[in-house]
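Okay, structure first, notes after.
The values are calculated or read from the model by the stated rules, or taken from the named source; none is laboratory data. Given the structure is predicted, the values throughout are model-derived calculations rather than measurements. Quick reminder, even Gly has a Cβ in these numbers, built from the backbone with ideal geometry, and neighbours come from all protein chains shown. Areas reflect the complete protein model, heavy atoms only, side chains present, ligands, DNA and RNA absent. Shrake-Rupley method; radii C 1.70, N 1.55, O 1.52, S 1.80 Å.
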Amino acid sequence: MTHAATPTGTAGLFDPITLRSLELPHRGWVAAMCQYSCDPAVAPGVPTDWHLVHLGQFATGGAALIITEAAAVSHEGMISPRDAGIWTQEQADAWRRINDFVHEHSAVGTKTAIQLAHAGRKASTYWPFSGRRNSVPAAEGGWETVGPTDEAFGSYAAPRAMTEEDIAKVIADFGAAAVRAVDAGFDTMEIHAAHGYLLHQFLSPLVNTRTDGWGGSEEARFRLTLEVVREVRRVIPETMPLLLRISASDWSDGGIDGAVSARLATRAAEEGVDFVDVSSGGAVPAATIPVGPGYQVALAEEVRGSGVPTGAVGLISDARQADAVVREDRADVVLIARAALRDPHWWMRAAHELGHELVPAPQYERAGAF
């Protein structure tokens, strides 16, 4: 059974939306943004004060929902050694501290979502500000990666082709991570099946050339993502919505496109997904992506045609631009990332520009209108 969002009608960016029992004050969310700021020498995968401040500022800035950076469901699923995780109790406890802060200090009722992830063949790489690129060698803390096949992503180290046992472990890891996320106080969660990471690797015919039950036909390529959805849905509360992030286009001939993604959204909804966060790209290094303001909105609109509520993301930075996406029924929600880094109070300012006034934290009331 699926639970759709409240109908949009002529809803705008600052009208509320409900997914299952989760009531959100408006439709401006924070997209997941990797920070690569955990310390593997001290506590691998454990969020730090950086994460508390980084995410906390968006709560005081008026965001309706904050989606965390990718949190690996296992050590081998980390993009880099500095990634956050959710496979240990210590990590869950650190996330609980962040959730408690957001819930206590948001005047608008900000909610939180964790992004559950496994990087697959794009794991064990250097973080962006390390000054180095490609795969981290074992001598420096790197590890063996896995993927649908043993084909590497560009110049990264070649992965090991996953066995049935490997696949079963990944599904179980997502489920165990979801249980920890619920216990850590998250209001919802998002399964990461985009940007060339493991689930997207299985979804894309450009990467998944298996000929067993996990590849070949479209339904077989969908299988791992749907099995993960089914397992996560099984272990989380019925009242909690489940989000899915996808790359709706591989931007390469023979790859995933909007029509394939709409079919995936329909199948995912049948398994309990309530919302699809629509991004694109990442499966293959040779793709040419037509980056520009709102360049992924058309994909969100196409996926939304499946009847599943969607979110649009990608170079959306202007309040009126974001509001138009919702009012024109192109997407149900707009997620921002870079604009939020430039202005952590983006939602306060956008609401004021559009004729709304979000309630600020009491410490900021003397600032007047944003």
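Over all alpha-carbon pairs in the range 174-218, figure out the percentage whose distance exceeds 12 Å. If you can, show how the numbers build up before the last one.
Working: 652 of 990 pairs.
Above the 12 Å cut-off, the range 174-218 has 66 percent of its Cα pairs.
Pull up the DSSP beta bridges for the chain and report the antiparallel fraction as a percent, rounded to 5.
Numbers: 4 of 39 bridges.
Counting DSSP beta bridges with both partners in the chain, the antiparallel share is about 10 percent.
Give me the compactness ratio for the range 247-323, meaning the Cα radius of gyration over 2.2 N^0.38 Å.
Numbers: Rg = 12.7 Å, N = 77, 2.2 N^0.38 = 11.5 Å.
Its radius of gyration relative to the 2.2 N^0.38 Å reference: 1.10.
If you roll a 1.4 Å probe over the chain with all protein chains in place, what percent of the accessible area is carbon or sulfur? Don't jump to the answer; show the numbers that get you there.
Numbers: 7300 of 14090 Å².
Percent of accessible area from carbon and sulfur atoms in the chain: 52.
Let me check I've understood the local charge: for GLN57, count other residues with C-beta under 15 angstrom from its C-beta, Lys and Arg +1, Asp and Glu -1. What total comes out? Provide the component values of the computation, followed by the final result.
On the way: positive: ARG338, ARG342, ARG349; negative: ASP49, GLU69, GLU104, ASP343.
My count for the surroundings of GLN57 gives -1.
On average, how much accessible surface per residue is there in the chain, in Å², for a 1.4 Å probe, leaving out ligands, DNA and RNA?
Details: 14090 Å² over 370 residues.
Accessible area per residue, the chain: 38 Å².
So which GluC sites (Glu not before Pro) in the range 174-248 pass both tests, a DSSP loop state and at most 16 other Cβ atoms within 10 Å of the Cβ?
Values: sites: GLU190, GLU218, GLU219, GLU227, GLU231, GLU238; in loops: GLU238.
Filter output for the range 174-248: GLU238.
Checking a compactness column here: for the range 11-63, what do you get for Rg(Cα) / (2.2 N^0.38 Å), N being the number of residues? Write out the running numbers ahead of the final one.
Details: Rg = 15.0 Å, N = 53, 2.2 N^0.38 = 9.9 Å.
Cα Rg divided by the expected 2.2 N^0.38 Å: 1.51.
What is the distance in Å between the Cα centres of the range 322-370 and the range 244-319?
23 Å
Over the alpha carbons of the range 65-106, what is the largest minus smallest coordinate on each principal axis, giving the biggest first in Å?
Extents along the principal axes: 34, 20, 14 Å.
To the nearest 10 Å², what's ARG160's accessible area with a 1.4 Å probe?
80 Å²
Would you calculate, for the chain, the mean residue ellipticity at 222 nm contributed by helices, counting each DSSP H stretch of 4 or more residues as -39,500 (n - 2.57) and dividing by all residues, to the nearest 500? Walk me through the intermediate numbers first.
Details: 10 runs with 116 residues, N = 370.
My calculation for the chain gives -9500 deg cm²/dmol from helical runs alone.
What shape does the range 166-313 have by the C-alpha gyration tensor, where a ≥ b ≥ c are the square roots of the eigenvalues, rounded means a/c under 1.5, and otherwise prolate means a/b greater than b/c and oblate the rest? Write down the numbers at each step before the final one.
Details: a/c = 1.80, a/b = 1.27, b/c = 1.42.
Oblate.
Measuring from centroid to centroid over Cα atoms, what is the spacing of the range 168-187 and the range 209-237 in Å?
Measuring centre to centre over Cα atoms gives 17 Å.
Give the Debye-formula value of log10 I(q)/I(0) at each listed q (0.13 Å⁻¹), with one equal scatterer per alpha carbon of the chain, two decimals each.
With no solvent term, the Cα-only Debye profile gives -1.00.
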